[in-house]
Amino acid sequence: MKVAFLHSGSNQFNSLLLRELKQTLRAHEVLSWIAGEEAPSRDLDVLITNSSVGREQIASQSKLALIQTASTGYETVDIDAATEMGVWVSYAPSNSTGNATSVAEFAILLLLGASRHLGQVIESVHGGPTYPPQIHPALNGKTVCIVGLGSIGRQIVDRLRPFGVVMVAIDEHPENSPVDVTVFPADKLESAVADADYVVICVRASKENEGLIDGSVLRAMKRGAIVVNIARGMLIDEQALWEALKDGQISAAGLDVVRSEPLQASNPLLTLPQVVLTPHIAAATDLMLRGTVDFICQVLDEFVAGSIPKSILNAPQKPRYRLGSERVSSGIAILSEVG
C-alpha cells in the first residue's frame, strides 16, 4: 500500500512518528505530506493524519481507502465528505495509545502549575519580575470539576484521589461514573461548576460543543476558580476567558490548547502572567509515540485482512474499497475497488 502521513512538520513528535511509521510499516511505502503543500502522490491508499483533512484533499485522492488519525481527536477531518466519497475514517482512541495516560499526567501538572503561579515563579528566577512570596491554594480539600469522563477524564480522577480533593464531573452517562465522583448530566454544566475551585476540561470537541465554556459558564463558577484545558481550544470562548481572568472571576488558568494553533505571539492570553500556556504538548510522550505506532499498525493489519477495525467512525454506503474482498500478496494488500 501507499501510505502518507499528513502533518505540520513543525515539531519533534511528528518527526519521530514519521520515522517510526517508516521503520514499522516496511512492507508499505510511507510518504511524508506536510500540511499546506502538494500531496506527495495522487494514488494514496491510506492517509494517516495529524492535521486537517478536508473535502478537497479527499477528492484529490481517487484511490484513498482509509483516513486514520494519529490522535484521539477527529474534529479536523471532514467525516461527512469522506463518507460521501466512500472513504473509511478511523481514529486512535486515547486508551489504546497511551494518550489518556500522558494527557492525564499533564493535567495534574497544569493544575498545580496554575494553582501555584508556577510560570511567574520560574520567570522571576530567570531574571524576570520579582515574584514576592505568596500563599497559594493547595489541592487538598478543594473541589475539582472534571468536564468529560472519557478515558482521559477517568485517568485524571485516578490521579487526583491521592490529593484528597472532592470530585464532581459532567458526563452524558452519569450511571457509569466512579462511586467517589458526583456526576451531573451534560445540561447541568453551570450547576456542576458552581462550587468548584478547579475546572478541568477534557471533553471531546465537536461542532455541537464549540464554545462550551462561555461567559455564562465562567460567571457561574466560584470567584477565583482555576480553569485547565487539555482538550481542544475551540471548547473555550477565549475572549470571555481573558475578561474573566482580567477581573479576577477566574484567578488562573492552565492551557495546553488554544483556538488558533500553533500558538501565536499575538494571543492576548500570553499577556496575562497568571496563565500557564503550553503549545499542545500534553500527549507528546514516549508512551504515546510507541502506542500510536502500534495501534496504527494494528488497524492497517485488520484493514488489509478485510476486517472493519473497531475504531472506524463512519459507514460509507458505497465504499471505494470493499472490506472483506482484499487479496494479500507478499504482505501488500491489493484492495478490490468497487465498480
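Worth a mention:
- For I170, distant residues with modelled amide H under 5 Å away: I146, V147, G148, F184
- 3J(HN,Hα) couplings calculated from phi for the range 64-73 with the Karplus curve 6.51 cos²θ - 1.76 cosθ + 1.60 (θ = phi - 60°) are, in sequence order, 4, 10, 9, 10, 10, 6, 9, 9, 6, x Hz; Gly and Pro show x.
- Taking the range 1-119 and dividing mean pair separation by its residue count, relative contact order in percent (alpha carbons under 8 Å, at least six apart): 21 percent
- Take 128-140, 36-48 and order them by the average number of nearby Cβ atoms within 10 Å per residue, most first; the result is 36-48, 128-140.
- Mean Cβ count within 10 Å, highest first, over the residues of peptides 262-271, 178-187: 178-187, 262-271
- Semi-axis lengths, Å, the range 174-331, gyration tensor of Cα atoms, sqrt of 5 times eigenvalues: 39, 20, 15
- For the chain: span of alpha carbons on each principal axis (Å, largest first): 67, 49, 33
- The chain: relative contact order in percent, alpha carbon pairs under 8 Å with at least 6 residues between: 19 percent
- Semi-axes of the equivalent ellipsoid for the range 60-142, Cα gyration tensor, largest first, Å: 44, 16, 10
- Taking Cα centre as origin and charging only the Cβ of basic (Lys, Arg, +1) and acidic (Asp, Glu, -1) residues, the dipole magnitude of the chain rounds to 460 debye.
- Calculated P(r) tail over 20 Å for the range 99-240, as whole % of Cα pairs: 47 percent
- Counting Lys and Arg as +1 and Asp and Glu as -1 over every other residue whose Cβ lies under 10 Å from the Cβ of L31, the net charge comes to +1.
- Entries in K207/K310; K222/K246; K63/K207; K142/K207 that, when Cα-Cα distance is taken, lie over 27 Å: K63/K207; K142/K207
- Expected 222 nm ellipticity per residue - DSSP helices of 4 or more, -39500 (n - 2.57), all of the chain, to 500: -8500 deg cm²/dmol
- Dipole of the chain, positive end: most advanced residue of A196, V121, I170 [Cβ charges, Cα centre]: V121
- Counting DSSP beta bridges with both ends in the chain, the antiparallel % (nearest 5): 10 percent
- For V77, the residues 5 or more places off, or on other chains, whose built amide H falls under 5 Å of its own are V53.
- Whether the range 1-128 is rounded, prolate or oblate, judged on the alpha carbon gyration tensor where a/c under 1.5 counts as rounded: prolate
- Alpha-carbon gyration tensor eigenvalues x 5, square-rooted, for the range 267-326, Å: 40, 17, 7
Every read-out reported here was derived from the displayed coordinates using simple, explicitly stated rules and does not represent laboratory data. Predicted model only: the values in this text are computed from it and were never measured. Methodologically, a virtual Cβ is constructed for each residue, glycine included, from the backbone with ideal geometry; neighbour enumeration extends over all protein chains shown.
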